[in-house]
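Below you'll find the structure, written out as structure tokens, and then a few comments.
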Amino acid sequence: MKFSAKKLTFLGFMLALMVILIFFERMLPPLPMLPPQFSRLGLSNIIVMYIFFFVGKREAFLMAVMKAIFNLLMRGPMASLLSLSGGLFSVAVIFILWWVFRDRISYVALSIGGAIGHNLAQLLVACAVLQSGYLFLFYLPILLVAGVVSGTLTGISLRVIMPVFDKINGGSKQW
């Protein structure tokens, strides 16, 4: 993957912003009615989605990997594995939905699909590590609802924040 200096600088800035959002999100109280470990909004996914739509698909996958590396350094191997599986599967789900529906699907719907995909991938990895299918049966309904809620909030946030990112990006959507 070759990057221009402008693109590399922008991706570095977006990675830094992603890290800030991760720290900010960890300071927020857990969402009510959900276990604390599963009650994150996924604010950093706003960055991944923006990069997916306005920078490049490969770069979005790269950002998911970079987020997993950050989690490895800050929280350890299990957090990194969960982040990597959830992040890559989320971007893959968004890519498939975008490819199939193109202009007939909203950012919110794509975000909901990505959030549900993220939760499913993390749940499958947790079940594999713990060697328990009961975890899947117990948490699946909770995580589906959490995916719809967090995906909706993330998709709406992306629409609100896009003009700011476009200004930072210099209005350029061509790399």
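Mean residue ellipticity at 222 nm from the helices of the chain, using -39,500 (n - 2.57) per DSSP H segment of n ≥ 4 over the full residue count, to the nearest 500 deg cm²/dmol?
Numbers: 6 runs with 137 residues, N = 175.
Result for the chain, helices only: -27500 deg cm²/dmol.
Please calculate the 1.4 Å probe accessible area of LEU62, with all protein chains present, and give it to the nearest 10 Å².
60
Suppose all protein chains stay in the model; what accessible area per residue would a 1.4 Å probe give for the chain, in Å²?
On the way: 9560 Å² over 175 residues.
Value returned for the chain: 55 Å² of accessible area per residue.
Probe radius 1.4 Å, ligands and nucleic acids ignored: give me the carbon and sulfur share of the accessible area of the stretch 19-175 as a rounded percent.
Summing carbon and sulfur atoms, their accessible area is 73 percent of the total for the stretch 19-175.
Projecting each Cα onto the charge dipole of the chain (Lys/Arg +1, Asp/Glu -1 at the beta carbon, about the Cα centre), which of LEU97, PHE138, ALA60 comes out farthest on the positive side?
The one lying farthest along the dipole's positive direction is ALA60.
With each label point set 7 Å from Cα along the Cα-Cβ vector, what nm distance links ALA128 and ALA109?
With each label point 7 Å from Cα toward Cβ, the separation is 3.0 nm.
Report the FRET efficiency, 1/(1 + (r/R0)^6), for PHE138 and ALA5, where r is their Cβ-Cβ distance and R0 is 35 Å, rounded to 0.05.
0.10
Any chance you could give the angle, 0 to 90 degrees and rounded to 10, that helix 77-101 forms with the longest Cα principal axis of the chain?
For helix 77-101, the angle is close to 60 degrees.
Let's test this: bin the Cα-Cα distances of the stretch 31-132 at 5 Å from zero up to the farthest pair and state each bin's percent.
Values per bin, smallest distances first: 3, 13, 22, 26, 19, 11, 6, 2, 0.
Short version: ³J(HN,Hα) in whole Hz for each residue of the stretch 150-163, in order, from phi by Karplus 6.51 cos²θ - 1.76 cosθ + 1.60 (θ = phi - 60°), x for Gly and Pro, what are they?
5, x, 4, 5, 5, x, 5, 4, 4, 4, 6, 8, 3, x
Rounded to the nearest 10 degrees, what's the angle between the helix 107-130 long axis and the longest principal axis of the chain, both from Cα atoms, 0 to 90?
The two axes meet at around 40 degrees.
Any idea what angle helix 44-54 forms with the longest principal axis of the chain, computed on alpha-carbon atoms, 0 to 90 degrees, nearest 10?
That works out to roughly 40 degrees.
The values are calculated or read from the model by the stated rules, or taken from the named source; none is laboratory data. Just so you know, these numbers come straight off a predicted model, no measurement behind them. Please note: Cβ atoms are built from the backbone with ideal geometry, for glycine as well, and neighbour counts cover all protein chains shown. We work out accessible area using only protein heavy atoms, side chains counted, and drop any ligands, DNA or RNA first. Shrake-Rupley method; radii C 1.70, N 1.55, O 1.52, S 1.80 Å.
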